[in-house]
Structure formats: structure tokens, C-alpha cells
Amino acid sequence: MFHRRKTGAVGLLHSGRLASGLSRREVLAGGVGAGALLAFPIGSPGSGSTAATGSAASSGSWYAFLYGTPESSPYPGGSFMAAQSPASASSSAHSPFQLASTLAATPVTSPDQATVALATVDTTAHGAKVTLTLIDQATAAVSKQGSLTLAGVPADASILATPVFAPGTTTVALVLAIMIPSTGGTLRKTDQSGKVTTATATTWKSHHELAYFDSSSGTFTGAFDLADEPSLALTTVAANGTDLFVWTTPKQQPTAYSKANPKPAPLSTVRAFPLGSGKPRFSVQSPAPWPGGEPVATLASGDIARLVYARNLQVCSAKTGDITSHTLAPLAVDRPKPSAVTMQARPDGTLFIAKPGIGTAVIVDPADSFRVKSQVKFSVPRAPGSAPWTKAVLSSSGDTLYVVGGASSGGVSAYDVSTGKLTASYAQGGRQYTGLSVLPDGNVLAVGPTHPRLAFFSPALSLLHTVDTSLQIAAVY
């Protein structure tokens, strides 16, 4: 339902209940089963502070959104919040307020950073109801919302709904992984003391469907069943101005494999669907690894770049599906610690890639055979593989790189992208931060694991304010 705050801010408060344990959907989505969206206003450059806590932003303001896990939640989940970026150290600090909960997948931001898409799923008498809500980042209000009912989906099914913005269009695609359980047979397990326990075996069959939402009219087209059961639920998805690209993987069948007759694991398939269609324009096999969480980006050419093994770019041709591979030498360094690698397409057509596990960020040019245009080395953070993944971010102008401090120093550091030299730092008290975001007003939001969790810095890394939240933050939008 919709709920209008007395102060005027609009949020979607979804009425789904929390489960007592992890469901299959929550595990596959990285624990994003029960979420809440939290928001806070960001004053525009040169403006004063906004109204009281939880109020709508003043004219010309934006919102930052936080996504993570409530401390009171019985399992890792997804919550979405927001809080205000102060215009100066003398401005008032605002507490985050909740906009939405029980999300069916992690939120997705539009290429122009103006809209955030949230997907929720409800069980109804007619099937599964999937709702897509678009939140305007300038107002934190619902700009458009639509629902789609999937008939015949049983109440015990799990659905992952992944929104995909098609740049330059009004289309938001939804890739739906529908997982239906079936029970049969008995599992027996013997512990170290010899005690035997039994349980009913449950198997899951997954298939995928596509739907398309028109953000102008608020209407859906589809859903289109891809008829790919049994397949793995996890996918990789991207879109350009004409097509939706979907990587899926057929599920291995135990009866088809044996020690005497081993067979290689099945390859994934990438398909290109014209926007609004359920019939692929091409369908080709894709080299390893299987899809599921690796960074992807739409290039200026319309081709899709997929970063695999944290070092190689697999580029899928938008015309034919042919895939070429490019090894990025500065990232081809092994470290024992896991690393949260991020990739972002920039307005000038280049790609920004950060690999905090080796303390390296690069800008590469797809128009020049993915040549490394610039490289910055920085100290490896204490937990380079933890959430939030954005531990190294570019300023909006692209000339400054902000990174969380190293394991020994903590704090936040800034580097000149063209020279790789340190230009500013904040490390008072050695406080550790786990993630960063550059906000529309140019300020830097740093996320920490301990209270107070939020710290706002000026572009020159002067501490402006700290704000607390009970949310264990997984991502900042």
C-alpha cells in the first residue's frame, strides 16, 4: 500500500511478513528477502539544510538511498533507507526514514541515476503478483508503479524479480526466475554420535519469464515464458536501447552424468530479446563462468561488457552475440582475500573498474581496444570483499578517486585520477569504513560497520556530520 507521511514524503511500505528462516529466494538473492528502503534528502549545492527529520526534500534537493539488513531481522535481508547529506558542518543532520520493505531483489538504479526500481512479490488467489515501483531520486516519491499477476504460480514458489533499465527508453524490463518446489523421498543423516535423523527431500525446478514495464504509461507487456526449465535461477542481465540480454544456465541432470561417462558442465546461453518481446533475436553459448552477480555494463556501442574472474572482460556483440575476451593486466593479480569488484560505464564511454582486494582502480577505453587510460593504486581495505561493494568511487567529474582507508589507517582517501597521487585524506581515530558513495551534491557518504554508521564528508574530505541507523548497510544508491 501507499503511505503518505504527515511531513509530505511519500514511500512504499510493503506489507509482506518476515520469514523465520532463510528461504530459497533469500539465499539466491544474497539474503534480500525482507528489505526496507530508507531515504534521506540531499541539499542541492549552495542550498541550506532541508526541513525536519523525515520530511520531503526542499526544492532542488535529492535523496540518497540505503539498502541493507535491519538489526532486528532474524536473517540477512534487504532494507532500503535514505538520509540527508548536509550542505555544511553547521547544517542539520537528518535521520534516515523507511520507504519500502520485503523486496524481491536488490534495487536497481537507472543509467542516469535519477530513478531507483524496486520489485516486490505477493501471493494472491490468482497466482503471484509482481509489483514494480519506481522511486524518483529527486523527491523520494513514487513516480510510477505497476503490477503483473503470474497465473498458476503456486503459493510455495519463490520468485526473483530483477529490474533492468533500457537506456534512452521508457522501458524497464523484469527478468523473473520462478522456482517451484516438489517433495518426495526421504533424506537420512547420521551425526558423529551415530544418531540418525530423517527429513523429506525437496527439489526445485526453475524457469524464467520476461515482462516489460512502460514507465510512461505505467503498463506491463508480458509475461513471456522462456520455456527453459530446468535451469539455474541465477542470471546476468543487461539492456541497451533496443534489446534485453539475458544469460541463463541449464541445470545439470544427475542421470546424465557418471564417473564412467563424465561430461563437461553445461555452458550458459546468452539471448538478445528485442524490447517488448519474448522471442530472442539470437541465442548463443557463452563461455564460463556461469552467470550470477558478476559486474556488467552497456557500452556506448550497445555491446555488453561482462567482467569475469575479476580480471577479464567478455564483450558480447549486440548484433551477433559473438563474444570476445580482453584481459586487463593491472587486475590480473591474485590475492588470497576475496574482493568486491565493481564496474561502471561512464558518460564519456569509458569503463571504471575497481578491485579493492589488490588496491587497484582503472579506467579503460572500449573504443581503443580497452586500453588502460589511467590507473590508481591504493592501500587494500581491511575487508575488501565485504558489503557495501563500492569501496572505490569516482567523483562526478571523474577527476578524483575516493577510497576507503587501508587496514591499518582506516578513514577515507582521495586520489588524483590523472596522476595517481594522494590529494586528501581523513583518518582521525583510525575509524574503519566499509563502503563509499559520491552524492549528487558532491559530498561523500562513508558507511561504517559500527555506530554511528554514516559519515558525510565534503569533496575535500572534511567531516560534515555523522548520522546513525540500525540498518546494516549492503549498498548505497
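Read-outs throughout are calculated quantities, based only on the coordinates presented, and are distinct from any laboratory measurement. What you see is a predicted model; the values in this text were computed from it and never measured. Note that each Cβ is placed from the backbone with ideal geometry, even for glycine, and that neighbours are counted across all protein chains shown.
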* lysines near LYS319 by alpha-carbon distance under 22 Å, same-chain residues fewer than 8 away left out - which ones? -> LYS279
* Asked: If each residue's Cβ is checked for other Cβ atoms within 10 Å, how do GLU294, GLU229 rank with the fewest at the top?
  -> GLU229, GLU294
* To do: Place a label point 7 angstrom from the Cα of ALA151 along the Cα-to-Cβ direction, then list the residues of the range 119-141 whose backbone nitrogen is under 17 Å away.
  => 124-130
* To do: Please order ASP243, ASP136, ASP334, ASP303 by the number of other Cβ within 10 Å, starting at the fewest.
  => ASP334, ASP136, ASP303, ASP243
* **All lysines inside 27 Å of LYS377 as judged from Cα atoms, apart from same-chain residues fewer than 8 positions distant** => LYS337, LYS355, LYS391, LYS421
* Asked: Mind checking which lysines have their C-alpha under 23 Å from LYS144, skipping anything on the same chain fewer than 8 residues away?
  -> LYS6, LYS129
* Mind running the shape call on the range 223-329? Use the C-alpha gyration tensor, a ≥ b ≥ c as the square roots of the eigenvalues: rounded below 1.5 for a/c, prolate if a/b tops b/c, oblate otherwise. => oblate
* To do: Could you list ILE358, ILE180, ILE473 in order of exposure, starting from the residue whose Cβ has the fewest other Cβ atoms within 10 Å?
  => ILE180, ILE358, ILE473
* Please say if the range 205-248 is rounded, prolate or oblate, where rounded means a/c under 1.5 for a ≥ b ≥ c the square roots of the C-alpha gyration tensor eigenvalues, and otherwise the choice is prolate for a/b larger than b/c and oblate otherwise? => oblate
* Using a Förster distance of 60 Å, the FRET efficiency for LEU422-ALA227 (Cβ separation, nearest 0.05) -> 0.65
* Taking the Cβ of TYR433 as the centre, find all other residues whose Cβ is under 15 Å away and add up their charges (Lys, Arg: +1; Asp, Glu: -1). => +3
